[in-house]
Amino acid sequence: MKIAVFTGAGISAESGIATFRDSNGLWNNHRPEDVATIDAWHSNPELLLQFYNERRAQLHTVHPNAAHFALAELEKDHEVSIITQNVDDLHERAGSTNILHLHGEIAKMIGENDEPSNPNVVDYPYNKDIKLGDMTPAGYQLRPKIVWFGEMVYGMLDAQQIVKQADVLIVIGTSLNVYPAASLTNLYATPKTKILVNKEQPSGMTVGDWITLIEPATTGVPKIRGILNDLVAK
Ligand code: BV8
């Protein structure tokens, strides 16, 4: 079956990467939309570079968890496309092969004047900080390949097509606060089967005909293979 998986910060929480809006949220009591914005980049680039240097360095210390690995396993029996809001590389490191990062990737850099639709992407080592004055070969200031609030999201049209053409939509670890990403869960031509795995039911989400697993991703996601096998057996 064609499976679209839509993930958020909750799938990486048990790997030790803080989420955005839980009580111990990543943003030190700042609203994400106040910290990670294109205006913050223009007004205080050094602060934002440091914020992402620290988060990129953390990738050294974290590892994929059972939820990431369970999704990679699904590829043995199904055509799986992962659409993630996360900027970490844990889906890649777990072995998933078809991943769309709507909000960018923290281990990649672009030039600040690059065209958003066609950035010159530079892979960057986790432990190499980006400083003001670090430039691309074309002479533009390097910045993380991250979609800040107020910037266009990567690959939204592709993501919509993936969901529309899927037999199953699986949503994992997201509060569905951020748009346009969150709109993927209520596309008019939604898949036949929809599964939610989340520590709590996202506020404002009507779960009507969804299969809901309200539990941690590391216990919920490994159950999905059995649920899909039962679907196929029917
Ligand atoms: C755009 C990169 C236009 C940064 C991110 C007013 C109303 C509605 C929308 C708007 C508005 N005003 C402005 C907007 C648009 C705005 C927006 O949505 N704002 C919201 C906050 C109000 N969106 C934008 O600006 C977007 N761009 O619209 O551009 C445009 C168009 C054309 C041309 C130019 C411009 C850009 C949005 C992208 C912002 N960047 N990330 C970074 O990561 O450093 S968003 C950020 O939030 C992360 O990507 C994160 O993934 C994402 C969503 O958060 P979640 O992943 O859901 O994480 P959260 O902590 O919220 O929730 C975690 C969930 O997991 C919880 O439910 C929790 O219960 C659960 N959980 C926790 N632990 C576990 C668990 N579940 C299972 N197991 C566990 N162990």
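Remarks
- Filtered residues of the stretch 39-97 (kept if surrounded by fewer than 20 Cβ atoms within 10 Å (Cβ to Cβ), part of a loop (DSSP other than H, G, I, E, B) and out of contact with any strand residue (DSSP E or B) (no Cβ under 8 Å at 6 or more places or on another chain)): ASN44, HIS60, THR61, VAL62, HIS63, GLU75, LYS76, ASP77, GLY95, THR97
- Looking across the stretch 187-210, the residues that are closer than 21 Å to VAL80 by Cβ and either modelled with pLDDT of 95 or more or not hydrophobic (A, V, I, L, M, F, W, C) (or both) come down to THR190, PRO191, LYS192, THR193, LYS194, ILE195, LEU196, VAL197, ASN198.
- Among the residues listed as HIS68, HIS78, HIS91, the single one being over 16 Å from the mean Cα position of the chain (by Cα) and either outside the structural domain of ILE214 (by TED's automatic domain parsing) or more than 8 Å from the ligand (Cβ to nearest atom) (or both): HIS78
- Within the stretch 188-197, the presence of at least one residue that is among the charged types (D, E, K, R), closer than 17 Å to GLY8 by Cα and either without any contact (Cβ under 8 Å) to a residue 40 or more places away in the chain or assigned by TED's automatic domain parsing to the domain that holds ALA217 (or both) is confirmed.
- Flag if THR185 is more than 19 Å from the chain's Cα centre (by Cα), among the hydroxyl-bearing types (Ser, Thr, Tyr) and in the same structural domain as ILE11 (by TED's automatic domain parsing): no
- If you go through the stretch 199-209 and keep only what is more than 12 Å from the ligand (Cβ to nearest atom) and either in contact (Cβ under 8 Å) with a residue 24 or more places away in the chain or open to solvent by 40 Å² or more (accessible area, probe 1.4 Å) (or both), you end up with THR206, GLY208, ASP209.
- Test set (1) modelled with pLDDT under 90; (2) open to solvent by 20 Å² or more (accessible area, probe 1.4 Å); (3) out of contact with any Leu (no Cβ under 6 Å at 6 or more places or on another chain) - ALA13 fails condition number: (1)
The values are calculated or read from the model by the stated rules, or taken from the named source; none is laboratory data. Predicted, not measured: the structure shown is a model, and the values here were computed from it. Every residue, glycine as well, gets a Cβ built from its backbone with ideal geometry; the counts of neighbours run over all protein chains shown. With ligands, DNA and RNA removed, areas are computed over all heavy atoms of the protein, side chains included. Shrake-Rupley method; radii C 1.70, N 1.55, O 1.52, S 1.80 Å.
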